[in-house]
Amino acid sequence: ALDEQVGAVFEAFEARKRPLVFWFLGDNGPEAGTGASAFPFRGAKRTVFEGGIRTPSFIYAPGIVAPGETNAVTRIVDVGPTLLGLVGATVRGLDGRDVRSDWERPSNEDLVLFYDKAARCGAAVRGQYKYVLNGGCLYSDVQHVGWPDDDEDEDPPCVGPGVECLFDLDKDPTERVDVGNSHPAVLAALRALLFDAEIDSAP
């Protein structure tokens, strides 16, 4: 059904000879307990580990976006501003950012990836470093917060109210080693960024 509907959209644009920007992406990782896996990443849907919030994405826009690939961080809130930028428009006051320049050179800007005020959990990044607060959010079971290839009977780090970690995703994309003690300034800056997000989300 999805293939048929996507095909219908393509055909409609082709018939009208209109420029097409097709952006396909997911908003979360796999549901825990269904047999799905985010291998090799840790976590699942409803967590802020890479397995819960990191998904593949692709853009098809002949003549508008050049072919290539990137690991630049793009959040759901960035899609709107980026699409507007692709067609030469801007709108002030949007939460996201136009990430087109990041496709050539990924930004080191501090960014909040996700924050859940009710669960008191969230994640933020600065370049290769990712700050995680209570990574399992409302969950602490292995299916939600563990690794798909891990049979060890150990408690995964960075789970529970108020627990925080810093991961180096370049060296440790599966989020096994907390490097917060080695980079206290980065941890403190990203903690503050997440705290600001909590204030901004107040009613």
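In table form, for the structure just shown:
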| read-out | value |
| --- | --- |
| Contour minus Cα-Cα distance for Arg120 and Val21 (0.36 nm per residue) | 32.0 nm |
| Largest-first ordering by accessible area, 1.4 Å probe, given options Leu169, Leu83 | Leu83, Leu169 |
| Selection from Thr90, Ile76, Tyr60, by position along the positive dipole direction of region 50-97 (Cβ) | Thr90 |
| Filtered GluC sites (Glu not before Pro), region 107-203: DSSP coil and at most 16 other beta carbons within 10 Å | Glu109, Glu152, Glu154 |
| Accessible area (Å², 1.4 Å probe, nearest 10) - Val73 | 60 Å² |
| Residue order for Arg42, Arg105 - accessible surface, 1.4 angstrom probe, largest first | Arg105, Arg42 |
| Mean accessible surface per residue for the chain, computed with a 1.4 Å probe while every protein chain stays in place, in Å² | 62 Å² |
| Asp155/Ser101 FRET efficiency (R0 30 Å; Cβ-Cβ; nearest 0.05) | 0.15 |
| The chain - mean residue ellipticity at 222 nm from DSSP helices (-39,500 (n - 2.57) per run, n ≥ 4, rounded to 500) | -7500 deg cm²/dmol |
| Per-selection Rg to Rh, region 1-156 - Cα, Kirkwood hydrodynamic radius | 1.02 |
| Accessible surface of region 125-200 [probe 1.4 Å, protein heavy atoms]: carbon and sulfur percent | 50 percent |
| Low-density loop cleavage sites - GluC sites (Glu not before Pro) in region 25-98, where at most 14 other Cβ are within 10 Å (DSSP) | Glu31, Glu69 |
| Unit charges on C-beta of K, R, D, E only; dipole of the chain, Debye | 980 debye |
| In region 97-203, the trypsin sites (Lys or Arg not before Pro) that fall in loop regions by DSSP, at most 11 other Cβ within 10 Å | Lys171 |
| Net +/- balance of residues flanking Ala89 in space, Cβ distance below 14 Å, scoring K and R +1, D and E -1 | +1 |
| Carbon/sulfur fraction of accessible area - region 1-86, other protein chains in place, 1.4 Å, % | 55 percent |
| Solvent exposure, largest accessible area first (probe 1.4 Å, DNA, RNA and ligands not counted), of Phe41, Phe49 | Phe41, Phe49 |
| Region 74-203, relative contact order [Cα under 8 Å, separation at least 6], % | 20 percent |
| Viscosity 0.692 mPa s, temperature 37 °C, Stokes-Einstein D of region 81-203 from Kirkwood C-alpha radius, µm²/s | 205 µm²/s |
| Calculated FRET efficiency for the pair Ala185/Ala12, C-beta based, R₀ 45 Å, to 0.05 | 0.30 |
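The values are calculated or read from the model by the stated rules, or taken from the named source; none is laboratory data. Treat the numbers as computed from the prediction; the structure is a model and nothing was measured. No Cβ is skipped: glycine too gets one built from the backbone with ideal geometry, and neighbour counts run over all protein chains shown. Just so you know, the surface numbers come from the protein's heavy atoms only, side chains and all, with ligands and any DNA or RNA stripped out. Shrake-Rupley method; radii C 1.70, N 1.55, O 1.52, S 1.80 Å.
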